[in-house]
Amino acid sequence: MRKLLIVGGLVLLGAVSAKAQENRGIEVAGTYQYVRFNPGGGSSGINCQGGSGSFGAYLTSSVGVVGEFGACKVTGLASGTSAHEMDYLFGPRMYFHSHGRVNPFVQGLFGAERFSAGVTGVGSGSINAFALTAGGGADFTLTKHVSFRATGEYLYTHFSGANQNSLRVQSGLVWRVGR
């Protein structure tokens, strides 16, 4: 996990310092996050709500590298129980500029996810797994440096030898410089 974070950080630093002929820049985003986990094996899905933050460095006006950290709390659990999810993801993002106020994009992020659960008076535990998202969204320009972002993604995780196919939806504000 630590090595993955170090490699992702180095990639982001390299992207910021890379020289390109088009509009380079950076962005920082804060978003609300909703995840619908489907544990598989006939188990019913669970809802998780929280937030995420991301940092993007753009080599051109269309291609960039993104790092994201998100966390959410599972809702609808019985009294005395709790569960949380955290993810660390890195990868490319590509914009399809429409030369208007709406800028659609696609992205593929990979990294790790940590799921923690506990019962009052009994204890708690956690488990880590590989995570991958694929999807896209759009940025809706509000001002020169601020946009509203909405995304929808497929979220794949692999906990305890089983695959989970889930849905992740995010929305929030983006602040950008140089793009």
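The values are calculated or read from the model by the stated rules, or taken from the named source; none is laboratory data. Keep in mind it's a predicted model, so treat the numbers as computed, not measured. Positions of Cβ are backbone-derived with ideal geometry, glycine not excepted, and every protein chain shown enters the neighbour counts.
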Report task. Output the residue which, of all residues in the range 26-41 that are aliphatic (A, V, I, L, M) and under 11 Å from the mean Cα position of the chain (by Cα), is nearest to H84 (Cα to Cα). Result -> V35
Query raised in the report: In this structure, is G100 of a type outside the set (V, I, T), exposed (fewer than 14 other Cβ atoms within 10 Å of the Cβ) and closer than 27 Å to G25 by Cα?
Result: yes
Query - Test result for V169, loosely packed, with under 14 Cβ neighbours inside 10 Å and not aromatic (F, W, Y) - result: no
Report summary line: Subset of the range 104-140, residues among the β-branched types (V, I, T) and crowded, with 16+ Cβ neighbours inside 10 Å, comes to T133
Query raised in the report: Do we have S82 as over 12 Å from the mean Cα position of the chain (by Cα) and at pLDDT below 90 here?
Result: no
Requested in this report: Restrict the check to the range 57-71 and report whether at least one residue is at pLDDT below 85 and farther than 20 Å from G152 by Cβ.
Outcome: yes
Report summary line: Counted residues in the range 78-97 being closer than 23 Å to I46 by Cα and either surrounded by 13 or more Cβ atoms within 10 Å (Cβ to Cβ) or touching a residue at least 12 places away in the same chain (Cβ under 8 Å) (or both) come to 10
Report summary line: Counted residues in the range 48-77 being surrounded by fewer than 21 Cβ atoms within 10 Å (Cβ to Cβ), closer than 19 Å to I127 by Cβ and touching a Lys or Arg at 6+ places or on another chain (Cβ under 8 Å) come to 1
Requested in this report: Hey, can you tell me all the residues within the range 42-77 that are hydroxyl-bearing (S, T, Y) and without any contact (Cβ under 8 Å) to a residue 12 or more places away in the chain?
Outcome: S43, S44
Query raised in the report: Given the conditions (1) within 23 Å of I26 (Cβ to Cβ); (2) out of contact with any Gly (no Cβ under 8 Å at 6 or more places or on another chain); (3) among the hydroxyl-bearing types (S, T, Y), which single one is not true for T133?
Result: (2)
Report summary line: In the range 145-164, anything in contact with a Lys or Arg (Cβ under 9 Å, 6 or more places away or on another chain) and either under 28 Å from G41 (Cα atoms) or of a type outside the set (A, V, I, L, M) (or both) is listed as H145, S147, T151, G152, E153, Y154, L155
**Report entry** Breaking point among (1) over 15 Å from D139 (Cα atoms); (2) of a type in the set (F, W, Y); (3) touching a helix residue (DSSP H, G or I) at 6+ places or on another chain (Cβ under 9 Å), for F37
**Finding:** (3)
Query raised in the report: For the subset of the range 104-137 comprising residues that are touching a residue at least 40 places away in the same chain (Cβ under 8 Å) and not in a strand (DSSP E or B), which member is farthest from L173 (Cα to Cα)?
Result: G121
